[in-house]
1. Heavy atoms only, probe 1.4 angstrom, no DNA, RNA or ligands counted: give me A:HIS355, A:HIS241, B:HIS370, B:HIS415 ranked by accessible area, highest first.
2. Residues of chain A: accessible area per residue at 1.4 Å, in Å²?
3. What does the convex hull of the Cα atoms come to per residue for the protein assembly as shown, in Å³?
4. So, with +1 on the Cβ of K and R and -1 on the Cβ of D and E, and no other charges, what is the size of the charge dipole of the protein assembly as shown about its Cα centre, to the nearest 20 debye?
5. Using a loss threshold of 30 Å², tell me which positions in the range B:494-521 are less accessible in the complex than in their chain alone. Probe radius 1.4 Å, ligands and nucleic acids ignored.
6. Can you pull the percent of the protein assembly as shown's accessible area that's carbon plus sulfur, 1.4 Å probe, other chains left in place?
7. Counting only DSSP beta bridges with both residues in chain B, what percent are antiparallel, rounded to the nearest 5?
8. Over the range B:275-394, what is the mean sequence separation of C-alpha contacts under 8 Å (at least six apart), divided by residue count, expressed as relative contact order in percent?
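The values are calculated or read from the model by the stated rules, or taken from the named source; none is laboratory data. As the structure is a computational prediction, the values presented were derived from the model and not from experiment. FYI the Cβ positions are ideal-geometry reconstructions off the backbone, even for glycines, and counts take in every protein chain you see. Ligands, DNA and RNA are stripped out before the accessible areas are found, and what is left, the full protein with its side chains, is counted by its heavy atoms. Shrake-Rupley method; radii C 1.70, N 1.55, O 1.52, S 1.80 Å.
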Number of protein chains: 2
Amino acid sequence: MPQLRLALAQVNPCVGDLSGNSRLVLEWCRRAADANADVVLLPEMALTGYPVEDLALRESFSTASRRALDALPGALADAGLGELLVVVGYLDADEVGPRNAAAIIHRGAVVDRYYKHHLPNYGVFDEFRYFHAGDDLPVIRYRGVDLGVVICEDIWQDGGPVAAYSEIGLDLMLCLNGSPYERAKDDVRGELVAARAREAGAPIAYVNLVGGQDELVFDGDSMVVDAAGVVLARAPQFVDHLLVLDLDLPGDRSPSDARPAGFEVRRTTIEGAPAVERAPCAGPCIAEPLSDEAEVWQALVTGLGDYVRKNGFRSVILGLSGGIDSAVVATLAVDALGADAVYGVSMPSKYSSEHSRHDADDLAERTGLHYRVEPITDMVAAFVEQLQLSGLAEENVQARCRGMALMSLSNRDGHLVLATGNKSELAVGYSTIYGDAVGGFAPIKDVPKTLVWRLARWRNEQAAKNGETPPIPPSSIEKPPSAELRPGQLDSDSLPDYTLLDDVLDDYVESDRGFADLVRAGFDPVVIENIVRMVDRAEYKRRQYPPGTKISLKAFGRDRRLPITNSWRERRP
Amino acid sequence: MPQLRLALAQVNPCVGDLSGNSRLVLEWCRRAADANADVVLLPEMALTGYPVEDLALRESFSTASRRALDALPGALADAGLGELLVVVGYLDADEVGPRNAAAIIHRGAVVDRYYKHHLPNYGVFDEFRYFHAGDDLPVIRYRGVDLGVVICEDIWQDGGPVAAYSEIGLDLMLCLNGSPYERAKDDVRGELVAARAREAGAPIAYVNLVGGQDELVFDGDSMVVDAAGVVLARAPQFVDHLLVLDLDLPGDRSPSDARPAGFEVRRTTIEGAPAVERAPCAGPCIAEPLSDEAEVWQALVTGLGDYVRKNGFRSVILGLSGGIDSAVVATLAVDALGADAVYGVSMPSKYSSEHSRHDADDLAERTGLHYRVEPITDMVAAFVEQLQLSGLAEENVQARCRGMALMSLSNRDGHLVLATGNKSELAVGYSTIYGDAVGGFAPIKDVPKTLVWRLARWRNEQAAKNGETPPIPPSSIEKPPSAELRPGQLDSDSLPDYTLLDDVLDDYVESDRGFADLVRAGFDPVVIENIVRMVDRAEYKRRQYPPGTKISLKAFGRDRRLPITNSWRERRP
């Protein structure tokens, strides 16, 4: 029974950086060779980064991607890696148009190519807009083993190339992925890969991207399952990883006559070098699943860190109000970038309480970030006096002076501004546009307020367990939330209790449940009407909001594009 | 030979306003009946407005749309309009999913439905994301005449339902559209409709939406062409219009045996009331085409006016710098809303020149808008002194104090803030985020600077021709452009000549031409490199920009979604 040593390279490319990504591919092929692997898989679009969005439609970019791919086989051979069978995702373009493609490379040549069949166009995906679908079904015989290739969505749809391959019969399915993180998606993904392996009657090697790219974050979670759906190896989430294991595969099957309708079957045989003597692979990694809080925290840290680094920033700046949101964002930034790259500014107004100032000081001390205090009293007074502002206009001017001060310091010193708004307040429009919404990245824009508290408690507990100072002031966690834009103001003056609010938002926003359905679920119609009205009116503000890391089905961003003018409102039926 | 009197209702619905749009449909059916029409056509998605975007995916909305449609036949019959054959676009949803649909209504019942076949998913369109495609081919025999129905994109693709209908044979094709305006699109559209009529061997009645909806504007341009492609009637652009004409049609054809593959042919016969004696229709309208400047100006006025009205605002506020951009935006606002709904604010800093202040005063006097002067000296000083700002940070703080002042007045008095940036400066990032980019609507975000000047001259000439005061100060048109954020600053310090810049932008942005291609076209490589670098770096700012009216292929908005982090740059090859 032939044995293959597989290496799954769970890597973090950067969209558009073709030369950097080419170096990354070579480096991880080198690592795979060092581990004596026969085959190395790299994820979907590893050479271009994912998602390339409109770059797919620029001919000069698809040409550059194709050139970078064409240069790989020679570079691999020159580096003494020609014997390795390399499967890597890239952007191709033929006479039909752009293609989400995989190349199979061996001994200095591209042996075959595969074009993704199923182009997802829901949620965060827009692939139908950018790519044309393929219909080919390559079968690569390598050392007597029949390999098939599919890309990501191809295994999420019934009746696609997996079904077709199962008619033909394969020894091993290689699946390249750019599968973005969502909360608890690893469970769904594991079950799906197992089910497809059973359908195909063959093991599946599933390799995924890792790292943040704009508002998406990829969690890795690469794995190999056997033909019965049992997990043989699984990489840890949110870190670069080379997952290596030995697979004994049937091989030498007699070619099937099956010709699945609508598919272009293509068989290629590659002469591999004879198998060499090598020590057996160390027991393959099967990473323990993370807790819900740990998973979300790592997703946010990864998304924030990569956004800053991939955009060429070295430091971030944010306002510290003493409240829970800014404390959590500051801690995420310190975890992602180190305290020395994080600048916090306390910007008290005449309505800021003594305890808020103290909580901001306390946070700075606990985390060790750079800290300064810049009262906004004079700036606010200049606007209020000249324009005779009061009420809401005066409240907003305070938030806006803070936003302007942060942008000024960003312009002066080169930091990226972080916005600290959470998903609950964004959903109901409880924020000031050009005020607290100012920033180039909003790390917790997809985190509901109740989860912000939960994460804060979890992060402090982790620190305590490790004998470190808990970074978040307990007072910031325990005190009732307030925007402090007028005397004695509390969030609860304007909003329902956050537990209730988050419950309704989860149903109304994430699950698209209608008014009648929410009433049937037992919510008070008056409460729902109030929340639904706020959400429907907050659409415009959301459009202006900078991206953050997506951790759930629906962040308020690209995948929720309600029209700005929208006279239809959810009403009691 | 049977004669039908057609009425094409070129109407302006509002997205989401199901009850308002239902009233609109009834009102225009009444007008069609008053004109003794037999058949009235309303545009694509007239009942829901277009584009509904994510509302299509809300089950409560598609149910509400379906209910509104179900109520129409009864309401029409109750209003004595049951004999009219009504064809109207709406959002349907069946077990497969949401549908972009048309209903054929007669005598109190929905006689048949059509689901759009081709779902565009390029440029401003995202229909593949929202709808499922139909495959039915209804043929309605009404007074002996065979009618077919198609929707918009169905006629833009070869080999679709038009080809299928041509196999079957029709007397008249009814085409419902939500076809957004682009510069000179009327020429393309006219040729397309003529070509499809010749292909179908039948006249086409083409009805389109009119009015602004978020960043889209619909120009109407409804028309009827005969089977040879000759235009028989054509509605004026940018206005509500009922286009009525009499058509003599062959009729009484023997049903064809053709069964085009992949289509579901369905034949329905409707008993119409016997033809009544009526005076012949007045000579049908064939609107004169507008000049390029007039067409763009009307598109911008329509887009701005409808954005303000459909969002429930009654007035707008903007900063008047004395420059050409704010002068043109102010004039557009006055044309759209009347001078009494427009509030201009001059906000001089210590760098503002005397002539700029004078030009702002002059504009206010010429247009009659509400005008005030609010120097920003004290506000700027508060920031500059406390945060020790200089250079770019000091320049930006001026623009931001102006933005904040406008937002404060908006909060205080309820006006919508207009941003005055043009497409050229947006493309190269020559604007201040949270500064001059502040606003809920950016009327000229899709107008290149050279076109801004051309429009200004044209508008003044039109005024002079009509014996009115030209609204735009000649000095604002003639003087060299400057941001006046430091002493003696001119746009030409930072940017190439605008004629050259707009030429390159047109090639690089609108036509997606690459670096090598631009060099071959004769541009100086150094100039291109500079412009391309600025454009590629300006992506992030564009994401933050509010929508404006789309007048060309690519506004910087939804249909240009370059990733924010994008290490790939156009370089000299």
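1. A:HIS355, B:HIS370, A:HIS241, B:HIS415
2. 35
3. Spelled out: Cα convex hull of the protein assembly as shown, divided by residues, is 177 Å³.
4. Its charge dipole is roughly 680 debye.
5. Correct list: B:ASP512.
6. 50
7. In chain B, DSSP labels about 50 percent of beta bridges as antiparallel.
8. Computed value for the range B:275-394: 21 percent relative contact order.
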